[in-house]
Amino acid sequence: MALETPGLHHVTAIAGDPQRNADFYVGTLGLRLVKRTVNHDDPGTYHLYFGDGEGTPGTNVTFFPWTDEGRPGQFGAGQPQTIAYRIPPGSVDYWRDRLESRDVAVDREDRFGETVLRFEDPDGIGLELVAASEAQRTSDNASGNTAGGASNATPWTEGPVSAEHQLQGFHAVTLAIGSFDATAAVLTDVLGYELEDEADGRRRYRAAAGGPGSIVDLVETDLGRGQMGVGTVHHVAFAAADVEEQQRWREAFADHGLSPTEVIDRKYFRSIYVREPGGVLFEMATTGPGFAVDEDPTELGSELVLPERLEDERERIEAQLPPFDGPTVDASD
Ligand code: ZN
């Protein structure tokens, strides 16, 4: 059986102040803070995960908030340019009004027949909310993809955005690269994506399984290599079914001449990482075990959870972390 990913699993970026980061993703965008932990490789930094009501794979954007003293990143080739979430077709005006009322500048454009609202988060990371056409939504649902997104995102009933307008998981990521070919070959020859459309210098690829969160757009940039730091996206993770399949992914990347890492236990999923030739760091993450592995589903994100090996150092770690009181949600929303 051919190896195919159903699409995106999560996207991880570097923020500045954790409080401002959480206030935006929860208080403004209405995502749920589904995990509050530390960077397992750097426990002096938080790792915050935002997603739908359950943290379903395909809905989660995660951040390492380096604080405002952290090194600023510079956007350039070899980096994701925007992260796009899907919204219901009738929610475009709601979202434009909500963002503009919070002094977020919003551009609106039509792209491949979809309405796109473009804006930046407080650290300058490019975000989009995309209202897919009814025809596209129907074909997504008919394809039976359940990797996350419109058809299976779980509303967060205690959030500031009513269920009818909530983000519905990822729509796409846009990757900025120096030239299309080598990155496109990884998408098509390894990950099972197909070129679906091309316009205005943008190539749209879709995972063969063809559901929400299954789009990767490529754009070429004249900019030099980007610099990782505050305000840039660190990596893009695609979904792998399980650890067995992940071994096959490792072999597939190696057969393509790339150098994947060993499998790393990230507690909520198992991961391998590989740098694609255009410079973007890809990850393959298993759909399980998920965020309920160390917290009750009703309590997700409410407290700092640590990997077991760091539990003995909790007091020292908590004292070193930057101030963060949990997301602020405006009661008047
Ligand atoms: Zn990751």
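Of all the numbered requirements in (1) open to solvent by 20 Å² or more (accessible area, probe 1.4 Å); (2) within 30 Å of G290 (Cα to Cα); (3) not charged (D, E, K, R), A105 misses one, and that requirement is (2). Does R118 meet the test of being over 23 Å from G51 (Cβ atoms), charged (D, E, K, R) and free of Cβ contacts under 8 Å to residues at least 40 places away in the same chain? The answer is no for R118. Of all residues in region 1-38, those satisfying the criterion of being within 16 Å of the ligand (Cβ to nearest atom), within 16 Å of the chain's Cα centre (by Cα) and among the polar types (S, T, N, Q) are T5, T12. Of the conditions (1) in contact (Cβ under 8 Å) with a residue 60 or more places away in the chain; (2) open to solvent by 60 Å² or more (accessible area, probe 1.4 Å); (3) farther than 30 Å from E120 by Cβ; (4) part of a loop (DSSP other than H, G, I, E, B), E313 clears all except one; give me its number. E313 satisfies all of (1) in contact (Cβ under 8 Å) with a residue 60 or more places away in the chain; (2) open to solvent by 60 Å² or more (accessible area, probe 1.4 Å); (3) farther than 30 Å from E120 by Cβ; (4) part of a loop (DSSP other than H, G, I, E, B) except (4). Screening the candidates Y85, Y49, Y94 for the property of being farther than 24 Å from D265 by Cβ, at pLDDT 95 or above and crowded, with 21+ Cβ neighbours inside 10 Å yields one hit, Y85.
Residues of region 236-256 that are of a type outside the set (V, I, T) and either free of Cβ contacts under 8 Å to residues at least 24 places away in the same chain or open to solvent by 10 Å² or more (accessible area, probe 1.4 Å) (or both): A241, D242, E244, E245, Q247, R248, R250, E251, A252, A254, D255, H256. From the list T298, T287, the one residue that fits, being open to solvent by less than 80 Å² (accessible area, probe 1.4 Å) and out of contact with any Leu (no Cβ under 7 Å at 6 or more places or on another chain), is T287. The residues of region 274-289 that are away from the ligand (no atom under 14 Å from the Cβ) and farther than 17 Å from P57 by Cα, listed by number, are E276, P277, G278, G279. Restricted to region 172-273, the set of strands (runs of 3 or more DSSP E) holding at least 2 residues that are in contact with a Pro (Cβ under 9 Å, 6 or more places away or on another chain), more than 23 Å from A153 (Cα to Cα) and within 16 Å of the ligand (Cβ to nearest atom) comprises 232-240. Which of (1) within 30 Å of P18 (Cβ to Cβ); (2) at pLDDT 95 or above does Y205 not meet, given it meets every other one? Here Y205 meets the rest and fails (1). Being closer than 16 Å to G58 by Cβ, away from the ligand (no atom under 16 Å from the Cβ) and surrounded by fewer than 21 Cβ atoms within 10 Å (Cβ to Cβ) is not true of A292. State whether the residues of region 20-30 include one that is part of a helix (DSSP H, G or I), of a type in the set (V, I, T) and open to solvent by less than 10 Å² (accessible area, probe 1.4 Å). Yes, because at least one residue in region 20-30 is part of a helix (DSSP H, G or I), of a type in the set (V, I, T) and open to solvent by less than 10 Å² (accessible area, probe 1.4 Å). Figure legend. Inter-residue proximity from region 158-187: first residues open to solvent by 10 Å² or more (accessible area, probe 1.4 Å), second residues of a type in the set (V, I, T), beta-carbon distance below 6 Å, spacing 6+ or different chains. Indicated pairs: P160/V329.
The values are calculated or read from the model by the stated rules, or taken from the named source; none is laboratory data. Keep in mind the model is a prediction, meaning the values are calculated, not measured. Please note: Cβ atoms are built from the backbone with ideal geometry, for glycine as well, and neighbour counts cover all protein chains shown. Heavy atoms of the whole protein, side chains included, go into the accessibility calculation; ligands, DNA and RNA do not. Shrake-Rupley method; radii C 1.70, N 1.55, O 1.52, S 1.80 Å.
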